[in-house]
Structure formats: structure tokens, C-alpha cells
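Each reported figure results from applying straightforward, stated rules to the coordinates on display, with no laboratory input. Just so it is clear, the model here is predicted, and its values are computed rather than measured. All Cβ positions, even for glycine, are placed from backbone atoms using ideal geometry, and neighbour counts span all protein chains on display.
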Amino acid sequence: MKNIDQGDIPTSMIIRCIGELELPQYCADFAEDDPVLRRASTGAEYWLARGPQVCRQALSDDAVSRSAAAGAQSPALKANPTISASSIMSIDGSRHTQLKRVLSVWLSKRNAAAWKPNVAKRVEESIDRLRGFGSGGSVDLVSNFTSVLPMIDLADLLGVPEDRMADILDCADVFFDLDSVPPEQAAARIARLVDFTIEMLTVERKRLRPGMIVDLAANQDLSRREVLELILALLTAGFHTVAGQLSIVLYAVLSSGVLARAMLDPVAGETVVRALTHAVPVTTVSFPRRVLGEAVLGSTSLDHGDLVVAGLADAGACVLGDERRWHSEALNGLGFGFGKHRCPGDGFALDQLALATRAFVLAFPSARIAPGAESVRWTDGASTKSVATLLVDLTA
Ligand code: HEM
């Protein structure tokens, strides 16, 4: 990140720099004339919706149901063991709409005034911890920064007492490598998180700080089970995603002087994190859906019972070479999904990404990726992709 000066950086230049990043094979090869592709996987066959238009169709067509596929099992379509069939992420219909409204009010831009100062404070604390590494050797930004901060931010949003922060961080590893551990082990990990959450709702209730748990628990329209599941949904959906996306954004700004410089300007900085989330999304595919009745995606007819997954990374990558399409897709693409199940945490996530990355660039203007092929290692999850190791010389 040499020669950083603040200045106006046009969106088109930001987009071009993202297109030039060295990335691993992020999604299957895309052919414009093959927007919906039948794919075989070991356990099940499914349709992969590709390209922004077909993905949007797949995620908003009423005949393509999320709840009907909530238990879908196959290596590539593994049902996430942390998500119950009655979670907001698994249900459709009017109860889904009601629960979504409850979450959206909490996570809305209107409430940003409440969370932003706390996020900024937590970012500074995390940057100070990084400063503690001094100039001796390389630091892994994933284990020391990107996979710690988002859980602390979520705990703040929920109102977890300060002295229980370490415990909730301890629960964070629940979300790592879930794809690769046997179902019983994954279930044991999630049980720990459920225990912690129940403890917050019962034993620790009086010590909770003002925050989401207190508000949800006081909401007469929600059953105890729904409150528990909403909290778990936030931890499940809001931690691993931000941690992974932050690792991608930091990799990008450490790889491109222009992107690093853009981060110094609040508007250009927001464009960088937004465009990266849509072009290089940590969530490479949506949750599976199932066709009820019949559906036509692109020019392909799908039958009753077929499984469908939206290729969010495909949708981002296929527009990289086309700047005209990019302007709308970069700022309003599919990184956060689309339709009724679109992510309600986008504003909270983008604020965390922008604040953390800007603070990093300001604190370590001459940081660079440590030499050696082992310094950057990517994960290879079935439904997410991010940087697993990012060794950096902070004061190079
Ligand atoms: C960069 C970070 C994030 C990314 C890339 C992301 C991505 C997504 C995507 C793609 C979906 C839709 C999945 C589908 O339809 O199959 C989703 C849903 C969801 N996200 Fe996020 N997310 C992020 C951060 C967050 C945060 C911070 C929260 C909460 C604080 C959150 C809460 C949720 C919830 C509750 C859902 C389920 C919504 C529903 O089913 O109606 N996410 N997210």
C-alpha cells in the first residue's frame, strides 16, 4: 500500500481495479448463452441459476420455495446444521414477513446512529491490538482481526454484557469449517451456541445492556422460541459472512494501491466495500430452493421438486468485463441476495466493512502482504469463499 494520498477516485476506476485483482477460481466458467445449467453433484442434482437476471428470477419467483428446500442434503447443498427448519432463513409466507420486519427495523439505517459509534470504538480497539504486534514479523489478519471483530460487533448489537464477550468469541468457532466436520460434531458446536443464547435470555437477562436481545424479549408478538431463533439467525448469518467479506476486502486493498487510496474517502470507500461484496461475495451461492409446480428460469423449464441454487459469485463475476453493466451491478448486485429472503443486515455489514478497512489503511499505510506463496490462502467451502490466511507485514 505505497504512496497513499486522499483524492477523488471515480467508481469506474474502482471497478476496473477489482476486475484486475488476482483471485482464485471463484465460480464455474460462465457462458453468456448458458445462464441456467444442470449440474450433477454426488448426492443430488440441482439447477444452478447463473447471471444476474436469472438469479434474480430464481430468488423472487413464488414457485421457487425456500421452505420446501430447507432440509436439502447433498455435499454441495448441505443443509447448514445451524439453521433450524423454523428459522427466519428457512420459512416462507406471512410469518416470515413479520419476523423479517422485526429484524429489519432493528438493522435499518435509522438505527445506524445507535450501532455506528460502538462499531467505530470496537474497530479502534482491534486496531490497537494489531499495533501491539509491533514491527516484528508477519501477522495473520484473519486470525487476529477479521475473524474476531465481527463477533464483537454482533455481541454489542445484541447487548451481551462486556464480561461475557470472551465467551461469545469462544462460540465463534462454531461457524468455521462446518462444511468439513461430521454432522454430529457440527451439532455439538451449535449446541454450545444455543446454550449461551439461552443463558443470555434467562440467567443473564438482568445484566444485558440495551440492545437487540432486550428488545426482542420484550416483544409480545414473539414466542420464546422465535426470540431464540432470531438471535441464532443473526449470529449464524451475520458473523461468518462479515468475517469472510472483511478478509476479501483487506486482501483487495493490500493488493491495489488505488483501492487502498479510495478507502480514505468515505464515499469512495463505501463504493469499494459495496462493489467487492457484489463482485467477490463471500456467499458464493444462495441457500437451496425447491420448485413447487413449474417454473421457467431463463429459457429453461424446471419441474416440480427440482432444487435450485442461485450462483451469486457467478452473477458477480460475469459482469466484471462489462463496465456498463457493472455500474448498476457493482453498487446494487446480488452479494446480499435478492427477493423476500434478501439480507436484512446489509447496512450493518457495509458499515463494519468500511469502518474496519478505513481504520486499517489509516493505521498501517505501508502494510503489505508478506512475501511467499503461503501468505495468502483461500478457503474452499461449498457455499462460501474467503481468505483463510492473510500474512501481512504491518510496517513494511
Ligand atoms: C458481508 C456480509 C454479509 C453477506 C455477504 C450476507 C449475505 C446474505 C445473503 C446472500 C443472504 C440471502 C440468502 C438466500 O436468500 O439464500 C442473507 C440472508 C440473511 N442475512 Fe446476511 N449477509 C451478510 C451480513 C449479515 C449481517 C451482518 C446480518 C445480521 C446482523 C445478516 C443477517 C441475515 C439474515 C437474518 C438473513 C436471512 C434473511 C431471510 O431469510 O429472510 N447478514 N445474507
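General remarks:
- Computed from the alpha carbon positions, the gyration tensor of the stretch 82-210 leads to an equivalent ellipsoid with semi-axes of 28, 21, 16 Å, biggest first.
- Take the Cα of Gln185, step 7 Å toward its Cβ, do the same at Phe133, and the gap between the two points is 2.7 nm.
- By the count of neighbouring beta-carbon atoms within 10 Å, fewest first, Leu154, Leu130 end up ordered Leu130, Leu154.
- Linear extension gain, Ser104 paired with Leu169, 0.36 nm per residue minus alpha-carbon span: 20.9 nm
- Ranked list, fewest to most other Cβ atoms within 10 Å of each Cβ, for Cys55, Cys171: Cys171, Cys55
- Whole-Å distance, taken between Cα centres, linking the stretch 193-235 and the stretch 364-396: 35 Å
- Counting beta carbons within 10 Å around each of Glu229, Glu184 and listing the fewest first gives the order Glu184, Glu229.
- Three-way shape label, the chain, alpha-carbon gyration tensor, a/c 1.5: oblate
- Helix-only CD estimate at 222 nm, as mean residue ellipticity for the chain, using -39500 (n - 2.57) per DSSP H run (n ≥ 4): -14000 deg cm²/dmol
- Approximate spin-label separation Arg16-Lys206, in nm, with each point projected 7 Å along Cα-to-Cβ: 6.4 nm
- Antiparallel DSSP beta bridges within the stretch 11-393, percent to nearest 5: 90 percent
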